[in-house]
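To start, the structure itself, in structure tokens.
Throughout, read-outs are computed from the coordinates displayed, never taken from laboratory work. As the structure is a computational prediction, the values presented were derived from the model and not from experiment. Every residue, glycine among them, receives a Cβ derived from its backbone with ideal geometry; neighbour counts consider all protein chains shown.
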Amino acid sequence: MTSSDSCFAQMLNLVAAVQRDRLRQSGEASAYVCECNDPGCRRVVYLTAGEYDDTRAHAGLVLAPGHRLLTAAELRRTSAAA
Ligand SMILES: [Zn+2]
């Protein structure tokens, strides 16, 4: 990761934090991209700010229902099939 990547990631996190503060007040859900390591996954998960905080505190990652971190062997099979 370059320093510009890091700055961009920090800016996105700041924007997301500001948005979460706004959503926390409204109780609305927001869209998050599934953070599983399947390179083909583009699932979107809708969470309220409270659900997002609970997910981060307990599971660490935002994952779509039924999604999980794939093992190295599973990732090799996934990339071989692509
Ligand atoms: Zn996923």
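Quick one: helix 49-58 against the long Cα principal axis of the chain, what's the angle to the nearest 10°, folded into 0 to 90?
On a 0 to 90 degree scale, this one is about 50.
Calculate how steeply helix 3-26 sits against the longest principal axis of the alpha-carbon atoms of the chain, using the helix alpha-carbon long axis, and give the answer as 0 to 90 degrees to the nearest 10.
With rounding to tens, the tilt is 50 degrees.
Can you tell me the relative contact order of the chain? Whole percent, Cα pairs under 8 Å, sequence separation 6 or more.
Numbers: 70 pairs, mean separation 20.7, N = 82.
Over the chain, the number comes to 25 percent.
What is the local net charge at Leu47, summed over the other residues whose Cβ is closer than 13 Å to its Cβ (Lys, Arg +1; Asp, Glu -1)?
That works out to -1.
Treat each spin label as a single point 7 Å out from the Cα along the C-beta direction, and report the Arg22 to Ala80 distance in nm.
Roughly 4.7 nm, to one decimal.
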